């Protein structure tokens with residue numbers, strides 16, 4: 001997606017990416033083991049997916065969770081994979097990053 005034309009909501013970004021990948025709501029729902037009405041609610045900004053579902057959506061639609069949720073670009077060059085860490089470990093790393101940024 002071009003950042004200058006980034007859809008403004010989670011639902012609009014999801015719908016645009018789904019259409020770009022030529023998937024129907026039904027086919028996306030099947031890939032996520034859910035139903036099309038759930039996809040519709042997300043696309044209409046009536047609900048948001050839980051984090052596990054968000055991760056699956058990002059993988060299927062070949063984008064980042066950050067782009068889906070916030071519309072931020074998919075530049076992952078400075079990302080650190082925190083998977084496999086527990087909540088406390090992730091919290092510690094996020095706190096350190098905030099301290100390093102001076103916040």
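No lab work stands behind these numbers, since they all come straight from the coordinates. Bear in mind that the values here come from a model prediction, so they are computed numbers and not experimental data.
Principal-axis analysis of the Cα atoms of the chain puts helix 10-20 at an angle of about 60° to the longest axis. By the helix-only formula, in which each DSSP H run with n ≥ 4 contributes -39500 (n - 2.57) and the sum is divided by residues, the chain has a 222 nm mean residue ellipticity of -16000 deg cm²/dmol. Based on C-alpha pairs under 8 angstrom that are at least 6 apart in sequence, the chain has a relative contact order of 27 percent. Relative to the longest principal axis of the Cα atoms of the chain, the long axis of helix 51-60 makes an angle of roughly 70 degrees.
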